[in-house]
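For reference, the structure is listed below as structure tokens.
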Amino acid sequence: MSPTESPSRASVRGSGPLLEVRGLAKSFGDREVLRSIDFTLHAGKVLVLIGPSGSGKTTVLRSLNGLEQPEAGTISVAGGEVAIDFAGPVSAAKRLALRDRSAMVFQHYNLFPHLTVLQNVTEGPIVVQKRARADAEAEAMALLERVGLVDKRDAFPFELSGGQQQRVGIVRAVALRPQLLLFDEPTSSLDPELVGEVLTVMKELAEEGWTMVVVTHELVFAREVADEVLFLDGGVIVERGAPERLFTAPTQERTKQFLNRLLFPF
Amino acid sequence: MDWELFWASLWPIVRGGLIGTIPLSIASFAIGLVIALLVALARISGIRVLSGIARFYVSVIRGTPLLVQLFVIFYWLPSLGLLIDPWPSAVIAFSLNVGGYAAEVIRAAILSVPKGQWEAGHTIGMSRTTALRRIILPQAARVSVPPLSNTFISLVKDTSLASLILVTELFREAQKIAAFSQEFVMIYMEAALVYWVFSLVLSTAQSRIEKRLDRYVAH
């Protein structure tokens, strides 16, 4: 199920950037969590956000899915097909349009506990996108096959391991055929031995050409899969660059400290 | 103990339950649930006027005796020129009462669904209404079945108050037989027995529904 199969996505390829974020800013009360975040992402590329907790990386990601409302800045998807300026009020229609282009994979999976695995995956395509049930189910089954969960189609989420639940979470996002896949610390809730199965699926999606924004602490994954890494701290982008460069020769002191803490925790 | 009278009065009392108590309870509960859902949604709507009205309604219902509510409806509606029979008066009063109590149950149940479920609904493109209907309410239903069952079983017994506005139901039938036979203790105990059997049946139904709704939860 490669992203180029969808015509709406293919048309964006090769033209301008798929995602443009300018001047994103947000505070919770007195605390500024984001200050002037800018970045650009081209179709088929993988952007990884790293940074200490409270750095604002998750807020950036959630803003891209309309789950968080910044106070200033703009988000433009697909050359302005969806363009939101957060300086003014954002209509529900615009927020839905933004969500239509992106889909989120959550840290705590957030699968629908009252629906089976298959229903979790087809709920969006059938109920929201009004696709024919047979088509949606066939596509869902193909995706579940790819992540090795076909035999779990009728299971409820509570019957699955964390790694299995997160793979369903990824399939649920992919089944929506979004232009942009968003991952919010997708392996942080997993037992260490289950992290690999989720990262493997994500790596395959990247190789297929999905455009992805990933918040993660998995530096090995970032290094292998990311096209660009942003290091955030205190609500600003402290440093950005290709992973080989940023991980081996960071120019900012704060980046060095952060990477050291991750690599040598004690 | 006058067993002959006991057996002779059993059917009239049960019949009072079947044609009075049960339909009265079911109708009032169904209408009451609709009211309760609307009131619960008004309370969590974030619209101040709406949630204020809803809060006031719940406060009045919970702060006044059901018997008083029943009498107010029964005597007040005719004074407005609405001449209605005792039965619809009772349905209105009991529905409003259930609406007040169940609203709090439903509100708590909706709020008990984790915020991540709303977000997951949103991320697959659902509007608030769709997420509420497809994702949140089905999960809230599971949580609210035990307390709502209690509300319903209480209602079944509370409908005996309708005898005071002369609705034909279980207790009113018992009253008539008791007054006629002067066997007050036995007849009222018989009425109690019938209420109890009704409640047992309802409790069984409750645990069946709970079991069905619990199938997607780890035990």
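The values are calculated or read from the model by the stated rules, or taken from the named source; none is laboratory data. Everything numeric here is computed off the predicted structure, so don't read it as measured data. Reconstructed Cβ throughout: ideal geometry from the backbone, glycine too, with neighbour counts over all protein chains shown.
Of the residues that sit in segment A:123-138 and are more than 12 Å from A:Arg177 (Cβ to Cβ), among the charged types (D, E, K, R) and within 14 Å of another protein chain (Cβ to nearest Cβ), which one is surrounded by the most Cβ atoms within 10 Å (Cβ to Cβ)?
Per the criteria, the residue is A:Glu123.
Matching residues to (1) more than 11 Å from every other protein chain (Cβ to nearest Cβ); (2) surrounded by 19 or more Cβ atoms within 10 Å (Cβ to Cβ); (3) not in a helix (DSSP H, G or I):
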| residue | (1), (2), (3) |
| --- | --- |
| A:Ala140 | yes, yes, no |
| A:Glu145 | yes, no, no |
| A:Asp151 | yes, no, no |
| A:Ala155 | no, no, yes |
| A:Gln165 | yes, yes, no |
| A:Phe183 | yes, yes, yes |
| A:Ser189 | yes, no, yes |
| A:Val198 | yes, yes, no |
| A:Glu207 | yes, no, no |
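Would you confirm, using the coordinates I've provided, whether B:Ser144 is part of a helix (DSSP H, G or I) and either free of Cβ contacts under 8 Å to residues at least 12 places away in the same chain or away from chain A (no Cβ under 14 Å) (or both)?
The answer is no for B:Ser144.
Go through (1) closer than 27 Å to B:Thr129 by Cα; (2) surrounded by fewer than 21 Cβ atoms within 10 Å (Cβ to Cβ); (3) among the β-branched types (Val, Ile, Thr) for B:Val39 and report which single condition fails.
(2)
What number of residues within segment B:95-116 satisfy the criterion of being crowded, with 19+ Cβ neighbours inside 10 Å and within 21 Å of the chain's Cα centre (by Cα)?
Total satisfying the criteria: 14.
Determine which member of the set B:Ser199, B:Ser154, B:Ser163 is surrounded by 18 or more Cβ atoms within 10 Å (Cβ to Cβ), among the small types (Gly, Ala, Ser) and closer than 23 Å to B:Gln69 by Cβ.
After applying the criteria, what remains is B:Ser163.
Scan segment A:124-136 for residues that are out of contact with any Lys or Arg (no Cβ under 8 Å at 6 or more places or on another chain) and within 16 Å of A:Ile170 (Cα to Cα) and jot them down.
Scanning segment A:124-136 gives a single hit, A:Ala136.
Please verify whether B:Gly100 is over 29 Å from A:Leu67 (Cβ atoms) and either assigned to a helix (DSSP H, G or I) or out of contact with any Pro (no Cβ under 9 Å at 6 or more places or on another chain) (or both), treating the condition exactly as stated.
Yes; evaluated as a whole, the condition is true for this residue.
Among the listed residues B:Ala36, B:Ala27, which satisfies the condition of being out of contact with any strand residue (DSSP E or B) (no Cβ under 6 Å at 6 or more places or on another chain), within 20 Å of B:Ser160 (Cα to Cα) and assigned to a helix (DSSP H, G or I)?
B:Ala27
For segment A:46-83, give me each residue that is more than 20 Å from A:Ile237 (Cβ to Cβ), away from chain B (no Cβ under 14 Å) and crowded, with 19+ Cβ neighbours inside 10 Å.
Correct list: A:Ala78 only.
Being facing chain B (nearest Cβ under 9 Å), aliphatic (A, V, I, L, M) and in contact with a Leu (Cβ under 7 Å, 6 or more places away or on another chain) is the filter here; which residues of segment A:84-104 pass it?
Scanning segment A:84-104 gives A:Ala103, A:Met104.
For segment B:182-219, name all the residues that are hydrophobic (A, V, I, L, M, F, W, C) and within 14 Å of another protein chain (Cβ to nearest Cβ).
B:Leu213, B:Val217, B:Ala218, listed by residue number.
Out of everything in segment A:90-120 that is part of a helix (DSSP H, G or I) and not aliphatic (A, V, I, L, M), what residue ends up being surrounded by the most Cβ atoms within 10 Å (Cβ to Cβ)?
Restricting to residues being part of a helix (DSSP H, G or I) and not aliphatic (A, V, I, L, M), the top hit is A:Asn120.
Let's see how each residue does on (1) over 22 Å from A:Phe231 (Cβ atoms); (2) in a helix (DSSP H, G or I); (3) modelled with pLDDT under 95; (4) in contact with a helix residue (DSSP H, G or I) (Cβ under 8 Å, 6 or more places away or on another chain):
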{"site": "A:Ile37", "(1), (2), (3), (4)": "no, no, no, yes"}
{"site": "A:Thr40", "(1), (2), (3), (4)": "no, no, no, no"}
{"site": "A:Gly80", "(1), (2), (3), (4)": "yes, no, yes, no"}
{"site": "A:Gly88", "(1), (2), (3), (4)": "yes, no, yes, no"}
